[in-house]
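The values are calculated or read from the model by the stated rules, or taken from the named source; none is laboratory data. From a predicted model like this one, the values you see are computed outputs, not experimental measurements. Reconstructed Cβ throughout: ideal geometry from the backbone, glycine too, with neighbour counts over all protein chains shown. The protein model used for the area step is the full one, side chains on, heavy atoms only, and it has no ligands, DNA or RNA in it. Shrake-Rupley method; radii C 1.70, N 1.55, O 1.52, S 1.80 Å.
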Number of protein chains: 2
Amino acid sequence: MDDRTPGCYAVIFTSRRTEAPDDGYETMADRMVALARAQPGFLGVESARGPDGFGITVSYWESEEAIRAWKHHAEHVVAREGGRAGWYSAYITRVARLERAYAMGDPAKAPETATEDT
Amino acid sequence: MDDRTPGCYAVIFTSRRTEAPDDGYETMADRMVALARAQPGFLGVESARGPDGFGITVSYWESEEAIRAWKHHAEHVVAREGGRAGWYSAYITRVARLERAYAMGDPAKAPETATEDT
């Protein structure tokens, strides 16, 4: 399916956005995804946010060490401070170890390219 | 923070909705959440779907046994068949064991009730 196999780690970040258009959030979020992709041990990221402002982002990492390194990345620390100060009204970060996975197609791809693989 | 403590399990369900309004999806989804809440070992559920149809639902469970029982629940099996047949163009289910969590407030609550707890 992909390289997010059992034994890798998922960081589940659930958050509620404050009601503040044009506060620089989108630019920061895009930058953080680009930065994360460049980190050693990064395996992938998925994100969804509904119209009510509640969102879930799950990033996948090869190891706890990779997660720790990303957590202490300078720019990421700055972004997190911003998140605490204003972009989010609340958030929870959960770190979990992947046990198993099963799929039909790939939801990260556009529908027309998804194929059944179960 | 809540009872989703280290050692419990998260089921990370990422999916892409087909473009089919009024196909009964919302009714089924609401019913599944209500059913899940009534299952032994259920700890919580969080869900977000963006305007592009990509969504993430994370449910939390006390044990692998609780997840298995829910997987084999008759109505859930029927709903899953429907998901395969039409509601989703693709999905991935990942089961992960929670290692740790840290929070600011509770993103599941409305912003005005969220309080800092870090």
**Carbon plus sulfur fraction of accessible area for the range B:9-98, probe 1.4 Å, in percent** = 54 percent
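Could you tell me which GluC sites (Glu not before Pro) in the range B:28-117 are loop residues by DSSP with no more than 16 other beta carbons within 10 angstrom of their beta carbon? Can you show the working numbers first?
Working: sites: B:E46, B:E62, B:E64, B:E65, B:E75, B:E81, B:E99, B:E112, B:E116; in loops: B:E62, B:E116.
Filter output for the range B:28-117: B:E116.
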**Request:** Return the calculated 222 nm mean residue ellipticity for chain B, to the nearest 500 deg cm²/dmol, obtained by summing -39500 (n - 2.57) across DSSP H runs with n ≥ 4 and dividing by the residue count.
**Result:** -7500 deg cm²/dmol
**Item:** Neighbouring partner chain Cβ atoms per residue of B:56-62, average, 10 Å criterion
**Value:** 3
**Request:** Could you work out the Rg to Rh ratio of chain B, with Rh taken as the Kirkwood radius (inverse of the mean 1/r over all Cα pairs)?
**Result:** 0.98
**Item:** Quarter of Cα convex hull surface for the protein assembly as shown, i.e. mean projection, nm²
**Value:** 12.6 nm²
**Prompt:** Between chains A and B, what is the buried accessible area in Å², counting both sides, with a 1.4 Å probe and ligands, DNA and RNA left out, to the nearest 100?
**Reply:** 4100 Å²
**Request:** Please give the average number of partner chain Cβ atoms lying within 10 Å of the Cβ of each residue in B:79-92, rounded to a whole number.
**Result:** 4
**Message:** Return the equivalent ellipsoid semi-axes of the range A:22-83 as a descending list in whole Å, where each equals the square root of 5 times an eigenvalue of the C-alpha gyration tensor.
**Reply:** 21, 15, 10
